[in-house]
Ligand SMILES: [Zn+2]
């Protein structure tokens, strides 16, 4: 097995730690932000540019790659990294999140804040759903051509083994903050039963696919905003072993009320085995990354940095703003004067404003490079601050400037 996690330093008085995840495709120094290339590409940016901006690994989506081009094609290509010309480690999510986004959350809001939305806003009616969950798996309609498909824990493992990422996630049911408490319990029992089936199928496939690099499997901790459910999931999955196979690490997933993020993550990370890596799924706003790191998460992924870049929104030390705004028409300074990315060292806000207004393709490329660099570097700076023993000061400095100048810090 060529997967391991070494902890270099643990912060006293908090759950934060610095470490290295070793994978067959290379190491990841943690804490680390993992940019998302949903369909085996970070939209509009070359893999070489992602490497240059400091990305240590990329995360793709098993559900999307299964539908197109088909996971068998990635297998034939030699796996995800080889297929997309990415010279480093890769992750795939399990497709479980799509259960939420195509099922109960279809065309609805993936609520980060339980107080903001009414129940009708986040739960799609039964007939509107593209996916239906039962105890065995999920039946869903392709968003591409309407064809019907079925994911079970076994299918998810088969698909992810074919895709060949270094780190995979167990198939889970991701609920929303607005599912009832009895439903959260039901979904958690299902996720536990599916975790055992994932471990068994993962073990079978690892033994069957002789000569392939070892793929690590992370279990996913659900339980929404409920302390007892989160702690139970962490206890049960943290110690789970089936036929000698246990999880190599853990993902913390599901509905995470932004105001409670740190509390929920600490419930879980105080229980999970200390010597295994923890990934906080789908979290990537700057202020949330601090909360994740100080509460013991090692890696993070989020589509936000690239998604908002394509709409001209950029992260800077002066907060988040839109380059399309006419105030940048004659602004010949970089997007962020403290940023060392390719875009900031070669282009001005005036040029970015021009290409966004003209709907030029390069606008997406340049803005994405900047945003991904900003977030990757921010987490790199947190890692360095932990090593230097000044994380609290670094956090206070950053948030003091970022939140003060942002006006709005939330996404
Ligand atoms: Zn930049």
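The values are calculated or read from the model by the stated rules, or taken from the named source; none is laboratory data. The shown structure was predicted, so the numbers you read here are calculated from the model rather than taken from an experiment. Here the Cβ positions follow ideal geometry from the backbone for every residue, glycine too, while neighbour counts run over all protein chains shown.
Couple of notes before you dig in:
- Here is the figure for the range 251-276: residues that are under 18 Å from the mean Cα position of the chain (by Cα) and within 23 Å of residue 183 (Cβ to Cβ) total 12.
- Condition met for residue 342 (more than 11 Å from the ligand (Cβ to nearest atom) and either modelled with pLDDT of 95 or more or surrounded by fewer than 17 Cβ atoms within 10 Å (Cβ to Cβ) (or both)): no
- All positions within the range 1-24 that are part of a loop (DSSP other than H, G, I, E, B), surrounded by fewer than 22 Cβ atoms within 10 Å (Cβ to Cβ) and in contact (Cβ under 8 Å) with a residue 40 or more places away in the chain: 1, 2, 3, 11, 14, 15, 24
- Only a single item in (1) part of a helix (DSSP H, G or I); (2) out of contact with any strand residue (DSSP E or B) (no Cβ under 9 Å at 6 or more places or on another chain); (3) closer than 26 Å to residue 72 by Cα is not met by residue 210, and it is number (1).
- Residue 208, sole failed condition from (1) over 17 Å from the mean Cα position of the chain (by Cα); (2) surrounded by fewer than 22 Cβ atoms within 10 Å (Cβ to Cβ); (3) touching a residue at least 24 places away in the same chain (Cβ under 8 Å): (3)
- Among residues that are in contact with a strand residue (DSSP E or B) (Cβ under 6 Å, 6 or more places away or on another chain), away from the ligand (no atom under 16 Å from the Cβ), outside any strand (DSSP E or B) and within 30 Å of residue 257 (Cβ to Cβ), residue 386 is included.
- Scan of the range 324-339 for residues that are surrounded by 14 or more Cβ atoms within 10 Å (Cβ to Cβ) and within 12 Å of the ligand (Cβ to nearest atom), ordered by number: 334, 335, 336, 339
- Residues that are more than 13 Å from the ligand (Cβ to nearest atom) and either in a loop (DSSP other than H, G, I, E, B) or in contact (Cβ under 8 Å) with a residue 24 or more places away in the chain (or both) were ranked within the range 314-323; the one that is nearest to residue 364 (Cα to Cα) is 320.
- Scoring residue 308 on the criteria (1) closer than 23 Å to residue 397 by Cβ; (2) within 16 Å of the ligand (Cβ to nearest atom); (3) touching a residue at least 24 places away in the same chain (Cβ under 8 Å); (4) surrounded by fewer than 23 Cβ atoms within 10 Å (Cβ to Cβ) leaves a single failure, condition (1).
- Inside the range 217-257, residues that are buried (at least 24 other Cβ atoms within 10 Å of the Cβ) and farther than 23 Å from residue 186 by Cβ make up a count of 1.
- A single entry from 154, 173 fulfils the requirement of being in a helix (DSSP H, G or I) and within 30 Å of residue 214 (Cα to Cα): 154.
- Filter result for residue 364 (touching a residue at least 60 places away in the same chain (Cβ under 8 Å), buried (at least 21 other Cβ atoms within 10 Å of the Cβ) and within 16 Å of the ligand (Cβ to nearest atom)): no
- Residue in the range 345-360 that is farthest from the ligand (Cβ to nearest atom), counting only those that are under 15 Å from residue 311 (Cα atoms) and part of a helix (DSSP H, G or I): 357
- Candidate set from the range 168-186 (those that are in contact (Cβ under 8 Å) with a residue 40 or more places away in the chain and either more than 19 Å from the chain's Cα centre (by Cα) or more than 26 Å from residue 225 (Cα to Cα) (or both)); member that is surrounded by the fewest Cβ atoms within 10 Å (Cβ to Cβ): 181
- In the range 39-63, residue farthest from the chain's Cα centre (by Cα) [restricted to those that are part of a helix (DSSP H, G or I) and crowded, with 18+ Cβ neighbours inside 10 Å]: 49
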